[in-house]
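Novice: My questions all concern the structure below.
The values are calculated or read from the model by the stated rules, or taken from the named source; none is laboratory data. Computed from a prediction, not measured in an experiment: that's the story for all the values here. All Cβ positions, even for glycine, are placed from backbone atoms using ideal geometry, and neighbour counts span all protein chains on display. Quick note on the areas: whole protein, heavy atoms, side chains included, nothing else; ligands and nucleic acids left out. Shrake-Rupley method; radii C 1.70, N 1.55, O 1.52, S 1.80 Å.
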Amino acid sequence: MFALLSLGSAGALQYIHAARGALILTTMPLFTLLLAALFRQERLTALKLAGVVLTVLGVAVALAGSPMGGPPGAPVWLGDLLMFGASLAGAVYNAFSPRYLRRYPAMWVTAYSMIAGTVCLIVVAAPGGLLARVVGFTPTVWATLVFIGAFGAAAGFFLWVWALERLAPSRVVVFFSLNPLVATALAAWLLAEQV
């Protein structure tokens, strides 16, 4: 999940605008709920389904007026497909990880998942010149990578896994829909972007 979600979403953003990607990614709670119900990980109820649908609609309303296509001439369908693939990868993880989280501590699952995902990402990125670029990184770039890796990825992923250990997958993943709203608020506050 760590590698597929990253690859799918990063790949998608080459072909679609971020707002469109954020909206597509909010399908993860719906996919999680349906998979968890299909494989009897939790019960599908009308209330849960309504809540998940409302989160998607809420993000759609919040992003109204944002550019929803892609760069001129870009195959938007490919961006959509990659983002839906990322969403589905996250949903599979959300639906099936709780059974393992009952056996293994969240910290271990986080560490092993991130190591495996990072190795996969390195293997995929190496042919594109990753190793040559890493040699030229400045101390500022390294500090940025450590900050993003520690706080953006590791801490966030650990909290996600910790919550999946304790709550039903659909209850945890519905909070994923807050990402675009929090990102918009932080961009306005920290980067002075217009809301």
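Novice: Please go through segment 36-51 and pick out each residue that is closer than 30 Å to L13 by Cα, surrounded by 15 or more Cβ atoms within 10 Å (Cβ to Cβ) and without any contact (Cβ under 8 Å) to a residue 40 or more places away in the chain.
Specialist: Matches in segment 36-51: L49 only.
Novice: Working carefully through the options L44, L54, find the one that is modelled with pLDDT under 90, within 25 Å of G156 (Cα to Cα) and of a type outside the set (G, A, S).
Specialist: L54
Novice: What number of residues within segment 120-132 satisfy the criterion of being in a helix (DSSP H, G or I) and farther than 16 Å from G8 by Cα?
Specialist: 6
Novice: Looking at segment 133-144 only, could you name the residues that are open to solvent by less than 80 Å² (accessible area, probe 1.4 Å), within 24 Å of G11 (Cα to Cα) and not in a loop (DSSP other than H, G, I, E, B)?
Specialist: V134, V141, T144
Novice: Could you run through segment 109-132 and say how many residues are at pLDDT below 85 and surrounded by fewer than 13 Cβ atoms within 10 Å (Cβ to Cβ)?
Specialist: Number satisfying all stated conditions: 4.
Rundown of residues vs (1) of a type outside the set (F, W, Y); (2) open to solvent by 70 Å² or more (accessible area, probe 1.4 Å); (3) within 25 Å of F158 (Cβ to Cβ), yes/no style:
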position	(1), (2), (3)
R20	yes, no, no
G58	yes, no, no
M83	yes, no, yes
Y100	no, yes, yes
R103	yes, yes, yes
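Novice: Scan L54, L7 and give me the residue that is in contact (Cβ under 8 Å) with a residue 12 or more places away in the chain and open to solvent by 40 Å² or more (accessible area, probe 1.4 Å).
Specialist: Exactly one of L54, L7 is in contact (Cβ under 8 Å) with a residue 12 or more places away in the chain and open to solvent by 40 Å² or more (accessible area, probe 1.4 Å), namely L7.
Novice: Condition check: in a helix (DSSP H, G or I), open to solvent by less than 80 Å² (accessible area, probe 1.4 Å), closer than 22 Å to T26 by Cα and at pLDDT 85 or above. Does A188 satisfy that?
Specialist: no
Novice: Can you say whether A163 is closer than 16 Å to M1 by Cβ, of a type in the set (A, V, I, L, M, F, W, C) and in contact with a Lys or Arg (Cβ under 9 Å, 6 or more places away or on another chain), as far as the supplied structure shows?
Specialist: yes
Novice: I've got another one for you. Taking the condition under 21 Å from K48 (Cβ atoms) and of a type outside the set (K, R), does P169 pass?
Specialist: When the stated conditions are applied, P169 passes them.
Novice: State yes or no: is V92 in contact (Cβ under 8 Å) with a residue 40 or more places away in the chain and open to solvent by less than 40 Å² (accessible area, probe 1.4 Å)?
Specialist: The answer is no for V92.
Novice: Based on what the data block shows, is A163 over 15 Å from the mean Cα position of the chain (by Cα), at pLDDT 85 or above and open to solvent by less than 40 Å² (accessible area, probe 1.4 Å)?
Specialist: Considered against the rule, which asks whether it is over 15 Å from the mean Cα position of the chain (by Cα), at pLDDT 85 or above and open to solvent by less than 40 Å² (accessible area, probe 1.4 Å), A163 comes out as yes.
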